[in-house]
Amino acid sequence: MANKTQILAYKDGILIKNVLSFDLGQIFDCGQCFRWGKTSENEYSGIAFGKKLVVSQISNDIYFKNTSKKDFENVWKDYFDFSFDYENLKKELEKIDPVLKKAIETYPGIRILKQEPWETLCSFIISQNNNIPRIKKIISKLCENFGEKINGGYAFPSAKKLAGLTEENLAVIKSGFRAKYILDAAKKVNSKEINLEKISKMSAENAKTELMKIKGVGQKVADCVLLYGMHNLVAFPMDIWMKKVMETFFKGKDPEVFGKYAGIAQQYLYHYTRTNPEILKK
């Protein structure tokens, strides 16, 4: 964390003052996660790593409600990537291209969450050919029907739990053709045929090769798992939208132009162009 940042512990939560490069709306709404929802103007609630959190923001002050200092240190500090210096990174990325600079200036509070790998894999399998409201609904049903009950909601179901199910069991979540892919992923992860811990330590290319052994997992889903679930920041998810962005602004170039933090650059560009689609028509 930055030197000027202060962490203050209270009976019912943690207050972090003077946090830079942090905007809850930008973090939760840029397409990287699906279990967070806005509960009021400056407040969101969600579940990660089996824990419910309510978090609010006023200017550069972030208040983590209903959590302890221990949980903040062991879960949320890492989850929200507080140890990474986004301020200096943005300065470096802005030098690469004017469009990227504009994207960063427009959404300076984006940061990449460090999500649980299995949940990320399953979530992005569900995300294929889907819209965000429906993705969230399917994941919510998956957790309510098969996840462990926790204080304030349901944890994401384990690979072991889902591996014992059938497509008929999953019919209740209405995931359509994705059900067979969810089950294949669960069985392979549960049996360690796909070892997510080992994969997280591989190079991006080798990791993608392993992940793509799961039915329904292609380049884009594999890159999403690497970036959002394994914090492999060179991973560059390329869906139809990002292909348009690259064709429009970076014709003839590949993600290597953004360097070892290509995944973060992708997130700025993705959110900027998705919320301002008219710029792709200029």
J(HN,Hα) series, the range 36-50, from Karplus relation 6.51 cos²θ - 1.76 cosθ + 1.60, nearest Hz, glycine and proline x
10, x, 7, 9, 7, 3, 10, 10, 10, 10, x, 10, 8, 6, x
At 0.36 nm per residue, and after removing the present C-alpha to C-alpha distance, how many nm does the segment from Leu8 to Glu205 gain when stretched out fully?
66.8 nm
Whole-Hz couplings from phi, Karplus 6.51/-1.76/1.60, listed for the range 259-266; x for Gly and Pro
x, 6, 10, 4, x, 6, 4, 4
Proxy exposure order for Val221, Val172 (fewest C-beta within 10 Å first) is Val172, Val221
Treat the count of other C-beta atoms within 10 Å as a stand-in for reagent exposure and order Leu211, Leu93, Leu20 from fewest to most.
Leu20, Leu93, Leu211
Dipole magnitude (debye, nearest 20) for the range 1-115, charges at Cβ of Lys, Arg, Asp, Glu:
280
Can you find, among Ser83, Phe146, Phe72, the residue farthest towards the positive end of the dipole of the chain? Put +1 on the C-beta of Lys and Arg, -1 on that of Asp and Glu.
Phe146
Take Leu53, Leu280 and order them by how many other Cβ atoms sit within 10 Å, fewest up front.
Leu280, Leu53
What shape does the range 6-83 have by the C-alpha gyration tensor, where a ≥ b ≥ c are the square roots of the eigenvalues, rounded means a/c under 1.5, and otherwise prolate means a/b greater than b/c and oblate the rest?
rounded
Sort the chain into rounded, prolate or oblate with this rule: let a ≥ b ≥ c be the square roots of the eigenvalues of the Cα gyration tensor; rounded if a/c is under 1.5, and if a/c is not under 1.5, prolate when a/b is larger than b/c, oblate otherwise.
oblate
If a/c stays under 1.5 just call it rounded; otherwise compare a/b with b/c (prolate if a/b is bigger, oblate if not). Do that for the range 117-229, with a ≥ b ≥ c from the square roots of the Cα gyration tensor eigenvalues.
prolate
From the phi angles alone, apply the Karplus equation (6.51, -1.76, 1.60; θ = phi - 60°) to the range 52-68 and give each ³J(HN,Hα) in whole Hz, x where the residue is Gly or Pro.
8, 9, 10, 10, 10, 9, 10, 6, 9, 9, 10, 10, 8, 7, 6, 9, 9
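Values quoted throughout were computed directly from the atomic coordinates according to the rules given, and no laboratory measurement underlies them. Keep in mind the model is a prediction, meaning the values are calculated, not measured. FYI the Cβ positions are ideal-geometry reconstructions off the backbone, even for glycines, and counts take in every protein chain you see.
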